[in-house]
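The block underneath contains the structure these notes are about, expressed in structure tokens.
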Amino acid sequence: MWKTVLRRVLLMIPQLFILSLLIFIMAKQMPGDALTGSIGGNVKPEVLEQIRRESGWYDPWYQQYWRWISKAVQGDFGKSFQYKQPVTRVIGARAANTFALALFATVLSYIIALPLGIKAGRNPGSKFDKGVILYNFISYAMPSFVLYLFTLLLFGYVLKWLPTMGSVDPHIAKGTFAYFLNRMKHLIMPAGCIAVLSTTGTIQYLRNEIIDAKTQDYVKTARSKGVPMKKVYSHHIFRNSLLPIAAFFGFQITGLLGGSMIAERIFNYPGMGNLFIDAILLRDYSVVNALVMLYGFLNLLGSLLSDIIMSIVDPRIRIE
């Protein structure tokens, strides 16, 4: 298996190279540039043009790409025009917030999805099952920004139970228990909303797999041997029903790391998604290129993690 993992990792190199080339070319096609917004209005046009020439904006695209990629492979993605700091430092300051949000949202989604999916699958056609189906329908059909705005209005401005922006209050000292609690308080709304909207697939897969597993021969054999139904569910049906969920687990984690842009924007949460939107609006090419490369790497990593998890959960499955 480890040889296959190494082969998949090596295969990522040309994939990331092609992605970097496409992203760099598309970023250069964006109208305007970062200098226009970062230079004061009293700067003369000729001075602005000189800065552009010194920065290499008029060099052929392949020369600009080579300068960028040769430094990127060494971990240097350039300097942000907006923040006047290295791109790695700008992204690193936001990455911890996005990771905490993704981790909390993932835990909440499984806390919600697993009990609902299991109970609905064990009692198909019941009132509870119909309620779960209705919940799935609503959460799947509802636009994410509608739920985000409603939650922000209700719990942030009407009831005033939770903070409406940021990741932590600035007056709290780092490293204290109060700091941890305050960070968790800032995570409740965005992570809770993301979790509610991301449970649909897990619930539906788990419910359907449990219903289908009841008719399988191994369940009938276990029941004919006198195995209690509770043990059949816990040792046979539930374990086999987790396989489709395990297949998407890697994608779900990496997807949340790169896919919480709308939530971060609406809740004004300082994560990578919010940074990505700002970088596009401000034409901060260095940050845009680095983040897209990071998101591409996360997607490839999610595919690899899903295959590894599948081989661990089900010994019959091996990566070939």
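The values are calculated or read from the model by the stated rules, or taken from the named source; none is laboratory data. Source: prediction; values computed, not measured. So basically every Cβ, Gly included, is an ideal-geometry build from the backbone, and we count neighbours across all protein chains shown. Remember, those area values only see protein heavy atoms, side chains included, never the ligands or the DNA or RNA. Shrake-Rupley method; radii C 1.70, N 1.55, O 1.52, S 1.80 Å.
Things to note:
- In the range 187-289, the convex hull through the Cα atoms has an average projected area of 8.5 nm², a quarter of its surface area.
- Taking only protein heavy atoms and a 1.4 Å probe, the accessible area of the range 94-311 is 70% carbon and sulfur.
- Computed about the Cα centre, the dipole magnitude for the chain is approximately 1160 debye when only Lys and Arg (+1) and Asp and Glu (-1) carry charge, each at its Cβ.
- Dipole magnitude of the range 53-127, debye to nearest 20 (Cβ charges: Lys/Arg +1, Asp/Glu -1, about Cα centre): 320
- log₁₀ of I(q)/I(0) at q = 0.13, 0.31 Å⁻¹ - the range 140-183, Debye sum with one point per alpha carbon: -0.41, -1.01
- Residue-normalised accessible area of the range 94-311, given per residue in Å² at a 1.4 Å probe: 50
- With K and R counted +1 and D and E -1, the other residues having a Cβ less than 13 Å from that of Ala191 yield a net charge of +1.
- Estimated Rh, the chain: Kirkwood, alpha-carbon pairs, angstrom: 22.9
- Angle in degrees between helix 249-258 and the longest Cα principal axis of the chain, rounded to the nearest 10: 30
- Here the 3J(HN,Hα) profile of the range 176-182, calculated from phi with Karplus coefficients 6.51, -1.76 and 1.60 at θ = phi - 60°, is 9, 5, 5, 5, 4, 5, 5 Hz, Gly and Pro shown as x.
- Loop-located chymotrypsin sites (Phe, Trp or Tyr not before Pro) across the range 123-207 with a Cβ neighbour count of 14 or fewer within 10 Å are Trp161, with loop assigned by DSSP.
- Remark: spin-label model distance Leu153-His171 equals 3.0 nm, labels positioned 7 Å along the Cα→Cβ axis.
- Relative to the longest principal axis of the Cα atoms of the chain, the long axis of helix 87-122 makes an angle of roughly 20 degrees.
- For Ser70, solvent-accessible area (1.4 Å; no DNA, RNA or ligand), Å²: 30
- Förster radius 51 Å - calculated FRET efficiency between Phe297 and Lys130, Cβ distance, rounded to 0.05: 0.75
- Long-range HN-HN contacts of Lys79 with modeled amide H, under 5 Å: Val87
- Förster-model FRET efficiency, 45 Å R0, Met26 and Ser224, C-beta, rounded to 0.05: 0.15
- Pairs of Cα atoms nearer than 8 Å and 6+ residues apart set the relative contact order; for the range 145-236 it is 19 percent.
- Degrees between helix 45-55 axis and first principal axis of the chain (Cα, 0 to 90, nearest 10): 60
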